[in-house]
Amino acid sequence: MFNSTLNGIEVTPLQKIMAEKAVKAISENNPAVATKFTADPTVLIYNDTVYIYGTNDAQQAEYSLGKQDNSYNKISSLNIFSSKDLVNWTDCGEIAIGGKQNPQGCANNSWAPAACVKKINGKDKFFIYFADNGNGIGVVCSDSPTGPFVDPIGKPLVSRSTPNCSKVYWLFDPAVLIDTDGKGYLYFGGGHQKDVAHPKSARVAALNDDMISLAGDPVEIDAPWLFEDSGINKIGNTYYYSYCSNWADRKDAKGDEVPPAAVIAYMTSSSPLGPFKYAGYTLKNPGNYFGAWGNNHHWIFEFKGKHYIAFHAQQMEKKLGFEKGGYRNICLADFKINEDGSWPIQTASNGGVKAVANFDPYTLVKGPTYATSKNAVSTNNQTLAGIAAESYVYLKNVDFSKGAEYITINTGAANKKSLVKIYKDSISSENLLCQVKTKGKGSFREKMPIAKSLNLVCNIYIVFDQNSEIESWKVE
């Protein structure tokens with residue numbers, strides 16, 4: 001499955017293809033991360049940082065390289081990305097959950113995560129709930145948002161034997177809410193058999209304080225035209241349950257509870273356990289925005305006083321020339337809320353969202369951090385490696401307001417003699433800020449004579465070759 005680079009760093013065929021072709025235009029912020037197929041986003045805000053967890057579609061794509069539709073059956077890990085500005089993203093690696101790679105777990109697959117953090121016994125604990133195919137909900141936990149994660153119960157949290165769940169068509173797609181009083185609630189379910197208008201296949205259950213056991217039997221949510229993708233938000237005193245509608249024929253449908261096919265519909269309630277009342281729909285199918293049609297999966301979150309929606313779309317697979325489809329990337333859009341609390345139809349584009357902060361180069365920056373890149377791959381050690389002579393990453397809104405006298409590049413064990421160049425705005429000789437010679441593993445510090453007097457915010461290219469393995473960098 002693996003090809004070796006000149007450095008001996010293992011790079012998969014899919015990584016190589018995506019590094020070469022899955023390149024965003026400088027004006028584009030969607031997909032958030034183009035070079036790693038990821039779907040079904042969940043968002044966790046912690047310490048002024050946005051963490052996105054998602055289904056690792058790349059794991060499935062490796063087996064067919066686009067010659068088969070995504071069947072999801074090979075996926076047994078989740079991807080993690082983080083950002084402080086919603087524009088520059090760090091690849092934080094993968095969480096192994098199911099399958100042979102994680103024998104301590106009880107799951108075969110890991111799809112559609114839901115994440116939260118809760119203080120337990122005075123310490124922050126992080127929980128990820130996930131779907132094991134369509135037959136149960138599992139949970140893993142950690143003391144860190146990036147892991148390592150472990151299975152705390154060694155069995156499904158929700159299974160076919162859970163009360164009121166035996167007839168749920170798909171036991172999957174969880175969402176989690178920690179209410180303002182500290183109590184937790186888990187939402188899940190989907191699919192339909194005979195009654196497409198009222199499948200009654202969604203459920204909500206209260207969680208115990210430990211977050212790894214149910215405090216009561218799951219309660220039915222009668223979500224009209226439900227297909228999949230539970231979402232939950234509390235805004236003010238209103239609870240919003242949102243979901244993806246199904247693809248069933250609506251030609252004879254009547255009434256006010258009929259969302260279009262494969263859109264994000266929503267319901268409201270004054271209680272986290274419902275009952276919920278249908279209120280409309282808010283996000284069209286991604287095909288309306290990107291011309292690539294497929295399923296719809298979302299997560300609505302608030303960051304720095306604004307609401308956003310994370311979702312997946314399939315526009316990037318088209319750039320790769322995949323013959324078949326269903327391989328997704330995560331996108332972001334502003335999420336508008338009307339004054340009366342209702343949700344209007346949202347807009348989305350490849351332009352994406354604007355940065356909410358400037359990028360800080362004075363704290364240690366992990367190698368695989370960028371807005372876009374070309375010929376650069378994230379390694380299994382969460383370092384950055386090049387696969388061509390002119391590999392690069394591009395970072396937006398880098399704040400040099402404190403000046404920049406030195407830059408330090410920290411390299412990994414696979415690094416050989418190489419030259420790392422930093423450019424302002426464009427890769428051209430007049431915009432060269434500095435260059436750092438590296439050899440082997442270590443820290444390499446060089447003066448930045450041109451950048452010292454910058455005192456401005458600008459975009460930068462970090463250019464390197466196939467002999468480079470960058471662990472991290474910082475300026476001072």
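Select, from GLY274, GLY191, GLY216, GLY231, the only residue that is closer than 19 Å to CYS116 by Cβ, open to solvent by less than 40 Å² (accessible area, probe 1.4 Å) and either in a loop (DSSP other than H, G, I, E, B) or of a type in the set (Asp, Glu) (or both).
Answer to the check: GLY216.
Would you mind finding the one in LYS234, LYS194 that is free of Cβ contacts under 8 Å to residues at least 60 places away in the same chain and either within 17 Å of SER110 (Cβ to Cβ) or more than 25 Å from the chain's Cα centre (by Cα) (or both)?
Only one candidate qualifies: LYS194.
Which residue pairs have Cβ atoms under 6 Å apart, sit 6 or more places apart or on different chains, and have a first residue in the stretch 409-429 that is in contact (Cβ under 8 Å) with a residue 40 or more places away in the chain and open to solvent by less than 60 Å² (accessible area, probe 1.4 Å) and a second that is of a type in the set (A, V, I, L, M, F, W, C) and in a loop (DSSP other than H, G, I, E, B)?
Going by the 6 Å Cβ cut-off, the qualifying pairs are ALA414/ILE9.
Go through the stretch 379-407 and give me each residue that's on the phi < 0 side of the Ramachandran plot, open to solvent by 20 Å² or more (accessible area, probe 1.4 Å) and not in a loop (DSSP other than H, G, I, E, B).
Those that are on the phi < 0 side of the Ramachandran plot, open to solvent by 20 Å² or more (accessible area, probe 1.4 Å) and not in a loop (DSSP other than H, G, I, E, B): TYR392, LYS396, ASP399, TYR406.
Can GLY138 be described as crowded, with 24+ Cβ neighbours inside 10 Å and not hydrophobic (A, V, I, L, M, F, W, C)?
It is true that GLY138 is crowded, with 24+ Cβ neighbours inside 10 Å and not hydrophobic (A, V, I, L, M, F, W, C).
Among residues belonging to the stretch 36-57 that are assigned to a loop (DSSP other than H, G, I, E, B) and out of contact with any Pro (no Cβ under 9 Å at 6 or more places or on another chain), point out the one that is surrounded by the most Cβ atoms within 10 Å (Cβ to Cβ).
Across the stretch 36-57, the extreme among qualifying residues is PHE37.
So which residues in the stretch 194-213 are open to solvent by 10 Å² or more (accessible area, probe 1.4 Å), in a loop (DSSP other than H, G, I, E, B) and not hydroxyl-bearing (Ser, Thr, Tyr), if there are any at all?
Scanning the stretch 194-213 gives LYS194, ASP195, VAL196, ALA197, HIS198, PRO199, LYS200, ASN208, ASP209, ASP210, ILE212.
Determine which single condition ASN467 fails, assuming it passes every other condition in (1) open to solvent by 30 Å² or more (accessible area, probe 1.4 Å); (2) in a strand (DSSP E or B); (3) more than 24 Å from ASN29 (Cβ to Cβ); (4) not charged (D, E, K, R).
Among (1) open to solvent by 30 Å² or more (accessible area, probe 1.4 Å); (2) in a strand (DSSP E or B); (3) more than 24 Å from ASN29 (Cβ to Cβ); (4) not charged (D, E, K, R), ASN467 violates only (2).
For the stretch 430-440, give me the residue count where each residue is without any contact (Cβ under 8 Å) to a residue 12 or more places away in the chain and surrounded by 14 or more Cβ atoms within 10 Å (Cβ to Cβ).
Here the count works out to 1.
Can we say ASP360 is charged (D, E, K, R) and within 30 Å of GLU476 (Cβ to Cβ)?
yes
Within 16 Å of LYS24 (Cα to Cα) and out of contact with any helix residue (DSSP H, G or I) (no Cβ under 6 Å at 6 or more places or on another chain) - does that describe any residue in the stretch 402-420?
Taking every residue of the stretch 402-420 in turn, none turns out to be within 16 Å of LYS24 (Cα to Cα) and out of contact with any helix residue (DSSP H, G or I) (no Cβ under 6 Å at 6 or more places or on another chain).
If you go through the stretch 347-370, how many residues are crowded, with 17+ Cβ neighbours inside 10 Å and among the basic types (Lys, Arg)?
Of the residues in that region, 1 qualify.
Select from the stretch 318-346 the residues that are touching a helix residue (DSSP H, G or I) at 6+ places or on another chain (Cβ under 7 Å) and basic (Lys, Arg) and write down the one among them that is least open to solvent (accessible area, probe 1.4 Å).
If we take residues in the stretch 318-346 being touching a helix residue (DSSP H, G or I) at 6+ places or on another chain (Cβ under 7 Å) and basic (Lys, Arg), then ARG328 is least open to solvent (accessible area, probe 1.4 Å).
The values are calculated or read from the model by the stated rules, or taken from the named source; none is laboratory data. Fair warning: this is a prediction, and the values are worked out from it, not measured in the lab. Don't worry about glycine lacking a Cβ; one is built from the backbone with ideal geometry, like all the others, and counts go over all protein chains shown. Please note that ligands, DNA and RNA were not included when accessible areas were found on the heavy atoms of the full protein model with its side chains. Shrake-Rupley method; radii C 1.70, N 1.55, O 1.52, S 1.80 Å.
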